[in-house]
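All of the numbers you see were taken from the coordinates with simple rules; none came from a lab. Fair warning: this is a prediction, and the values are worked out from it, not measured in the lab. Neighbour counts are summed over all protein chains in view; Cβ atoms, including those assigned to glycine, are modelled from backbone coordinates with ideal geometry.
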Number of protein chains: 2
Amino acid sequence: MNFQEIFPVWAKLNRTQQQRLLAGLSERRVERGAVLHNGQADCTGLFVVQSGQLRAYILSDEGREITLYRLFDRDICLFSASCIMRSIQFDIAIEAEKDTTLWVIPAETYRELMAESAPLSNFTNELMAGRFSDVMWLMEQVMWKSLDKRVAAFLLEESAIEGTSALHITHEAIANHLGTHREVITRMLRYFQSEGLVKLSRGVVTLLDEAKLRALQA
Amino acid sequence: MNFQEIFPVWAKLNRTQQQRLLAGLSERRVERGAVLHNGQADCTGLFVVQSGQLRAYILSDEGREITLYRLFDRDICLFSASCIMRSIQFDIAIEAEKDTTLWVIPAETYRELMAESAPLSNFTNELMAGRFSDVMWLMEQVMWKSLDKRVAAFLLEESAIEGTSALHITHEAIANHLGTHREVITRMLRYFQSEGLVKLSRGVVTLLDEAKLRALQA
């Protein structure tokens, strides 16, 4: 896979800018479960996903988590380079949900190019606006939606991503996606099981009735 | 007050760009309580606050509200012009909390200038990153903080903004800031009163013990 073909505003950069971008680029392979970035102090650079899957999340002081958004093939992660803007005053963590290959663009290189290139800066605006939209969607879910709807939506999303109705996921992992406690998820899944929506077995949640789950999440 | 002196990247725009910006500008005065913007369909333009106070919030289908951030003198509101970026996929509402005078920059003018001016585009990135940080802060509050801490923090913030310990605010308004129900706020404030933190009277919440409120919010 070719960086030039993936990077959206490549053609709008001049020759010198393209060379600077390529010169700074490095490739990285990480295994499922690896934490690639953790908090603001750590200005790792922008991630451009070649293949795999990343998860951006926040952590509470007590170690609770909530997933903000996922990154798939060709997605770009800006907040692993939060030092490129002084107004980014929050910490996120990023972990690999699958074995992932990515390019890293050094924060300093990106910041310099963005300062001189309106197309790159406008692209960055769109990138941030997209993530902002993800977080606003999440905020609405957390504020106005009951947890049963959110669990139903999460199971359906997960099943779509994995292409299977048998999800290999722990109750704790689901809790960490949704920002709640394992016990709460276990209780909810048992209720779902009693209603015939899912089947639970060791480390696996199997979706039995996607239509009902879909009706529930609405 | 002079737009040229307030607008942060004025000096980095060229003469033609400055003239286009000024030509599009209009001034608007709104009274306390006026809704200036409501949702995405409505691409009102960017607001630049001369004096007064605005509140940006989201609304649930059931009419519940939560405050995202406030705008004070010289603050700029981007999301009242959400059509300038196609990736902004969320709806916010904006109302005047005090009588407010503002400039409106037409969305189309701003978008055109941003497309050609790297400084303006980078400034917009910083503006959005600042609001993103506000919303991430709020997300952490909502996810990890109990409501008593959030009510204490809100009363202290409100008292600092108004410069008084006697707040003329209804329980419903507090609920709408914090994304909860009036009854919940009433119960919490009565508990605060029984602990000697506040005194409640018709339409007024008086802070009696700021030190204890400060200890509580932490």
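Distance between the 7 Å Cα→Cβ label points at B:Trp144 and A:Ser60: 0.9 nm.
Think of it as helices only: each DSSP H run of n ≥ 4 in the protein assembly as shown is worth -39500 (n - 2.57), and spread over all residues that comes to -13500 deg cm²/dmol at 222 nm. Cys residues of chain A that find no other Cys beta carbon under 4.7 Å: A:Cys77. By the count of other C-beta atoms within 10 Å, a proxy for reagent exposure, A:Asp42, B:Asp61 are ordered fewest to most as B:Asp61, A:Asp42.
Note on the stretch B:3-143: with charges restricted to the Cβ of Lys and Arg (+1) and Asp and Glu (-1), its dipole about the Cα centre is near 420 debye. Residues whose amide H comes within less than 5 Å of that of B:Gly179, counting only those at least five positions distant or on another chain, are B:Glu65, B:Thr67 (H built at 1.01 Å from N in the peptide plane).
The long axis of helix A:107-116 is offset from the longest Cα principal axis of chain A by roughly 60 degrees.
Selection among B:Trp137, B:Phe192, B:Asn38 by position relative to the dipole of chain B gives B:Phe192 as farthest towards the positive end (Cβ unit charges, Cα centre). When the Cα gyration tensor is reduced to axis lengths a ≥ b ≥ c, the ratio a/c is 1.5 or higher for the stretch A:96-141, and with a/b not above b/c it is classed as oblate. For the stretch A:1-159, the alpha-carbon radius of gyration amounts to 1.08 times the rule-of-thumb value 2.2 N^0.38 Å expected for a compact globular protein.
Between this copy and the others, label points of A:Arg187 are 1.6 nm apart in ascending order, each placed 7 angstrom from Cα in the Cβ direction. Per-residue shielding of A:142-148, expressed as the average number of other chain Cβ atoms within 10 Å of the residue Cβ, stands at 3.
Please give the length that would be gained between A:Thr164 and A:Glu5 if that part of the chain were fully extended, namely 0.36 nm times their separation in residues minus their C-alpha to C-alpha distance (nm, one decimal).
Stretched out fully, the A:Thr164 to A:Glu5 stretch lengthens by 54.2 nm.
Sorted shortest first, the separations between the A:Ala166 label point and its copies elsewhere in the assembly read 7.1 nm; each point sits 7 Å from Cα along the Cα-to-Cβ line. If you wrap the Cα atoms of the stretch B:89-218 in a convex hull and average its projected area over all directions, you get 10.2 nm². Axis angle, to the nearest 10 degrees, between helix A:182-194 and the longest C-alpha principal axis of chain A: 50 degrees. Using a cut-off of 28 Å between Cα atoms, the listed pairs B:Lys12/B:Lys98; A:Lys145/B:Lys98; A:Lys145/B:Lys149; A:Lys98/B:Lys145 include B:Lys12/B:Lys98; A:Lys145/B:Lys98; A:Lys98/B:Lys145 as exceeding that distance. For the pair B:Arg190 and B:Arg29, the difference between a 0.36 nm per residue extended length and the Cα-Cα distance amounts to 54.2 nm. One Cα centroid belongs to the stretch B:91-165, the other to the stretch B:10-80; the line between them spans 10 Å. A Cβ-based charge dipole, computed about the Cα centre of the protein assembly as shown with Lys and Arg at +1 and Asp and Glu at -1, lands at about 100 debye. Which of the three applies to the stretch A:1-73, rounded, prolate or oblate, going by the alpha-carbon gyration tensor with a ≥ b ≥ c and a/c under 1.5 meaning rounded? Prolate, because a/c is 1.5 or more and a/b exceeds b/c. Sorted from shortest to longest, the distances between the B:Val204 label points of this copy and the other copies are 6.8 nm, with each point 7 Å from Cα along the line through the beta carbon.
With N counted as the residues of the protein assembly as shown, its alpha-carbon radius of gyration over 2.2 N^0.38 Å works out to 1.07.
Label point of A:Lys98 set 7 angstrom out along Cα-Cβ; within the stretch A:139-162, amide nitrogens under 15 Å from it belong to A:157-162. Treating the angle as unsigned and between 0 and 90°, give the value, to the nearest 10°, between the Cα long axis of helix B:118-144 and the longest Cα principal axis of chain B. On a 0 to 90 degree scale, this one is about 20.
Of the peptides B:193-204, A:184-195, B:131-142, the ranking by mean beta-carbon count within 10 Å, highest at the top, reads B:131-142, A:184-195, B:193-204.
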